[in-house]
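What follows is a set of notes on a single structure, which appears directly below.
Taken together, the values in this text are just the output of simple stated rules run on the coordinates, not laboratory data. Computed from a prediction, not measured in an experiment: that's the story for all the values here. Cβ placement follows ideal geometry from the backbone for every residue including glycine, while neighbour counts extend to all protein chains displayed.
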Amino acid sequence: MSRFVRTRTEMEGRYEDVWALVDESDDTESWAPDAALSLVGRPVPRQDGAARAAGRARFTVDVRLAGTLHAVVLRSPVAHGRVRSLDLDGARAVPGVRAVIGPDSELSLTTRSPLLRGEPGYAGAPVAVVAADTLEAAHAGVLALALDLEVLPHLVDVEEGLREQRFTADPTDEARGDAEVALAAAEVTVELSLETPGQLQTALEPHAAVASWEGERLTIWVSTQGMFAARDELARAFGLRKSDVRVLTEFVGGGFGAKQGAGFEALAAAELSRIAGRPVRLVNDRHGEQLDGGRRAASRQTVRLGASRDGTITAIDADAVIGMGQGGWMPPVLIPARTLYRCADVRALTFPVKTNLRAQNAFRAPGVMEGTTAFEQAIDELALALDMDPLELRRRNHTDIDQVSGSPYSSNQLLACYDRAAELAGWAARGELREPQPDGLLRGMGCASQIWWGGGGPPSHATVRLDSEGHATVMTGIQDIGTGTLTSAQIVAAEELGLPLAHVRALGGDTAPNVYGPIAGGSQTTPSVMPAVRSAAAKVRKTLLQLAGDVFEIAVGDLEVSDGRIRSRDGAIDVEVTEVTAKLGDATIDGSGSRGPNPGGFVVHTFGCQIAQVSVDAALGEVRVERVVAVHDVGRIVNPLTASSQVEGGVLQGVAFALTEELVVDPTTGIPVNAYLDDYKIPTIADTPEIVIDFPGIADENLPTTGTKGLGEPPIIPTAAAIANAFAHATGRRAVALPLTRDRVLEALA
Amino acid sequence: MEVILEVNGERHSVVPSGRRLLAVLRDDLELLGTKLACGEGACGACAVLVDGRPVNACLLLAEAAVGHQIVTIEGLSVGRAHAVQEAFVAEDALQCGYCTPGQVVSATALLERTPAPTREQIHEAMAGNLCRCGAYPKIERAILRAAGSA
């Protein structure tokens, strides 16, 4: 029986109380931590790997509809300006141009108004959009707009914004106890100030949408991490029923947080398509994507720590000044300071400064990654001041209680992560790295800890359909943006159904079936969706065995299904599943499942530890990351193959954050100067260190039925801090800003 | 002006109109496996083989490809290329898959000229193919695996 329960959900640290639909008759029992599972926990190649490797995967940019118009966005060339003139009619007169919208156009969409601004607040802000028969004609239309702007004063210097108190929201002051008094009383204190860079998500498939109307029904392909959010946003914007909007997003060429909901691209494409009466394709060019796709906000952080001589942290006082750009949700930069270690006296001040850059948005572990980068360096400074092993200091201040709520963690294997990482990295011998090296380079090893949410929760649903040929289809609300979560759903369903993997296929990326799944963000897909998949599959298995009982005239309790065969416990029956399913004819066995709420009284988090080894060329200022050991506690691992891929990807983005990636903004003009792929340096294969990965892999028994947590964000969180700590270990110096460019390294070593 | 392009062993009559090879492949021939990501030769997502060598199709004028043998990801399904694709899947050398066609094209070209590459040779040959998801460790393993199976 279905019931509504009141429960608390979490997305990147934001909690919300919601009604969740749960199935009370669902008696799926949790897999025991030591359960003998045949598929879950074994490496499985992606079910759609062959399509991706052969170039058959169809991304939004590949959608081709007859009569499609191509849209080009006119973007503000200045950081702040006011449109003096914009010749929309001139653009409309260009041959092939079919629709043009500007700041003053009357639009049919009713929300997110204005879609286009006559006073753009950042370089790259959309001012107008032209749709035409060809891309070339659309570009000609943009030229014909003859944009004339009055240039207004801009502000991109965060310190200046702080002085002028220009905030996107009120600064926050989160405190417990009295950090000031505790600091004054501390036996040992350290203080560290440093800057972290703006980082661009840089998905290789840019933001893109292809919109097509049939009467009052909208079909739209969107390169998004959140197809249901996109559907709801579009339905609201155009006054449609949700069921009259179909969002398709089967393959997404990367997101990393930047592709939330419909976005400007889907709204603009739908609007232009409505005006022109033809499908419209809007794909950002690379420069537009780097200017307007999103950004991890740059920050300046100061951390003051107090401790007693035995290494007990007694005071944490941290502040963060965040370059928000035009706005957006405030990233939780000081969560690591507030929660990573046991401490009663904590103060965290956050200043969200408004600047003339695009609104910052989510980038893999938003806030927490840059917060960890500063906080975990301060912890190493404290270890130095105490003359204590940095890992030992972390162990000493470990806690199993969430420091903000006072509730226990549902599970926490952080101590095991420390031990395993230390073993894999050869931590005990790290001192030897500082002895003179044969190649003349300086070497060092550093560690950092990781905390993130990642417990998932309702609502999340799945349906499983078994056909007469013994093949099952799993319908989910997953957007598999490259994480491999559809393959995980395939594995979990096959495990529960007792079918071979090849006979199970998981589908997602389409809102039409209306099987809801969460946005592919916040490390919540796996923990949210897998229990729903398991529950749906369990119902199908039960029905299958009941039908087998009818066929073989045997009690259901004496039957089991595994490896695609139905067997009786006495061995008398041992047949292919199709012996039963063939009798279905054209009927199917269907089951639906939902994700139950997380149990009350616990806080769910993921944990981990990374240890980096670096070499430093003191003459050239070159830092190379030689090795990263990454051990993360994310509960049970469904597919170690794709899980290790997630870790490698996170580590590499963290390596780049530490060494090469930085959005550089010209203070004179307020314009980003490296918003291209040739000068915004994302890592190449030649920059890749050896990455050693392990997971405790212990199921979280307090989480429903699969014991899994999310893994998207954890691996990026501690990497840069571990590298910076390794740099300090190697050189005895700490750079006051990341990334560790040659210039900064030479300055630090001078 | 109409020209003949030889793509994946077939002759196609196309009108380049000053466009790059990538635009002609995707828009005229609907060979959609080759991807546009940067448009300035910085990422390798548009890599195709021209007379067996990997070339960024976003920088090559379509007219300049006349008289040369062009092979796109769609034309790479036999022999060594097939082994590369199988190795990419087996090693999970792909995540979102957007850069993967270009990676497979470059890896195939590498193995054609260097059947048993070292780690350094792989890094040198593949450094022009960016993967934002960070599949690099497994791309390296996949290339070594394909080399071993060839």
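Things to note:
- Three-way shape call for the range B:1-136 based on the alpha-carbon gyration tensor, with the a/c threshold at 1.5: prolate
- Label point at A:Gln546 placed 7 Å out along Cα→Cβ; residues across the range A:2-44 whose backbone nitrogen lies under 14 Å: A:25-27
- Label zone of A:Ala619 (point 7 Å out along Cα→Cβ, amide N under 18 Å): in the range A:734-750 this covers A:742-743, A:745-747, A:749-750.
- Along the range A:18-31 the Karplus relation, 6.51 cos²θ - 1.76 cosθ + 1.60 evaluated at θ = phi - 60°, assigns HN-Hα couplings of 9, 7, 10, 7, 10, 9, 5, 7, 5, 10, 4, 8, 4, 5 Hz to successive residues, with x for each Gly and Pro.
- Relative exposure of A:Arg46, A:Arg505, A:Arg733, judged by other C-beta atoms within 10 Å (fewest first): A:Arg733, A:Arg505, A:Arg46
- Built amide H within the under 5 Å cut-off of A:Ser460, gap 5+: A:Arg595
- Estimated from the Cβ-Cβ distance and a Förster radius of 22 angstrom, the FRET efficiency linking A:Glu560 and A:Thr473 is about 0.45.
- With R₀ set to 25 Å, the beta-carbon distance separating A:Glu136 from B:Glu10 gives a calculated FRET efficiency near 0.40.
- Spatially proximal lysines relative to A:Lys709 (Cα-Cα < 17 Å; intrachain offsets below 8 disregarded): none
- As a calculated quantity, the FRET efficiency between B:His68 and A:Thr110 at R0 = 51 Å, using C-beta atoms, amounts to about 0.45.
- Of the three principal axes defined by the Cα atoms of the range B:3-75, the extents in descending order read 28, 24, 19 Å.
- For A:Lys583, the aspartates and glutamates whose Cα falls under 19 Å of its own Cα, not counting residues fewer than eight places away in the same chain, are A:Asp467, A:Glu469, A:Asp550, A:Glu553, A:Glu560, A:Asp574.
- Normalised contact order of chain A, rounded percent, pairs of Cα under 8 Å and 6 or more residues apart: 17 percent
- Charged-residue dipole, Cβ positions (Lys, Arg, Asp, Glu), the range B:3-75 about Cα centre, Debye nearest 20: 160 debye
- Long-range amide H partners of A:Val504 with built H, under 5 Å: A:Ala472
- Rounded to whole numbers, the Karplus 3J(HN,Hα) couplings from phi for the range A:259-272 are 9, 9, x, 6, x, 4, 5, 5, 5, 5, 5, 5, 5, 5 Hz, using 6.51 cos²θ - 1.76 cosθ + 1.60 with θ = phi - 60°, and x at Gly and Pro.
- Mean-position separation - Cα centroids, the range A:39-67 and the range A:231-281, in angstrom: 21 Å
- Taking θ as phi - 60° and the Karplus parameters 6.51, -1.76 and 1.60, the scalar couplings of the range A:160-174 work out to 5, x, 5, 4, 7, 6, 8, 10, 7, 7, 5, x, 10, 10, 10 Hz in sequence order, x denoting glycine and proline.
- Charge dipole (Cα centre; +1 on Lys/Arg Cβ, -1 on Asp/Glu Cβ; no other charges) of the range B:79-149 amounts to roughly 20 debye.
- For GluC sites (Glu not before Pro), the sites in the range A:1-95 that DSSP calls loop and that have at most 12 other Cβ atoms within 10 Å are A:Glu24, A:Glu29.
- The fewest-to-most ranking of A:Tyr15, A:Tyr676, B:Tyr98, A:Tyr516 by surrounding Cβ atoms within 10 Å reads A:Tyr15, A:Tyr676, A:Tyr516, B:Tyr98.
- Taking a ≥ b ≥ c as the square roots of the Cα gyration tensor eigenvalues, the protein assembly as shown comes out rounded, since a/c falls below 1.5.
- Residues A:Ile693, B:Ile143, A:Ile637, sorted so that the one with the fewest Cβ neighbours within 10 Å comes first: A:Ile693, A:Ile637, B:Ile143
- Test item: Cα-centred dipole of chain A, Lys/Arg +1 and Asp/Glu -1 on Cβ, debye: 1160 debye
- Potential lengthening between A:Asp666 and A:Val736 on full extension [0.36 nm per residue; Cα-Cα distance subtracted]: 23.2 nm
- Those residues of the range A:310-324 whose amide nitrogen sits under 18 Å from the label point placed on A:Asp387, 7 Å along Cα→Cβ: A:310-312
- In this label model, A:Asp157 and A:Leu349 are separated by 2.1 nm, measuring between points 7 Å along each Cα→Cβ vector.
- Contour excess over end-to-end distance, with Cα ends at A:Thr399 and A:Asp27 and 0.36 nm allotted per residue: 130.6 nm
- Using equal-weight Cα scatterers in the Debye expression, the normalised intensity of the range B:79-149 in log10 at q = 0.12, 0.13, 0.19, 0.28 Å⁻¹ is -0.23, -0.27, -0.61, -1.47.
- Amide H contacts under 5 Å for A:Glu622: A:Asp617, restricted to partners 5 or more places along the chain or on a different chain, H placed in the peptide plane at 1.01 Å from N.
- Order by protection proxy (mean Cβ within 10 Å, highest first), peptides B:74-81, A:659-666: A:659-666, B:74-81
- Within the protein assembly as shown, helix-based [θ] at 222 nm, where runs of 4 or more DSSP H residues each add -39,500 (n - 2.57), nearest 500: -8000 deg cm²/dmol
- Mean partner shielding of peptide A:677-689, defined as the number of other chain Cβ atoms within 10 Å of each residue Cβ, is 6.
- Length added when fully stretched, A:Asp17-A:Glu187, from 0.36 nm per residue minus Cα-Cα: 56.9 nm
- Of the residues B:Gly67, A:Gly549, A:Val404, the one whose Cα sits farthest towards the positive end of the charge dipole of the protein assembly as shown is B:Gly67 (charges of +1 on Lys and Arg Cβ, -1 on Asp and Glu Cβ, taken about the Cα centre).
- Look at the Cα gyration tensor of the range A:35-172: its axes a ≥ b ≥ c give a/c of at least 1.5 with a/b at or below b/c, and that counts as oblate.
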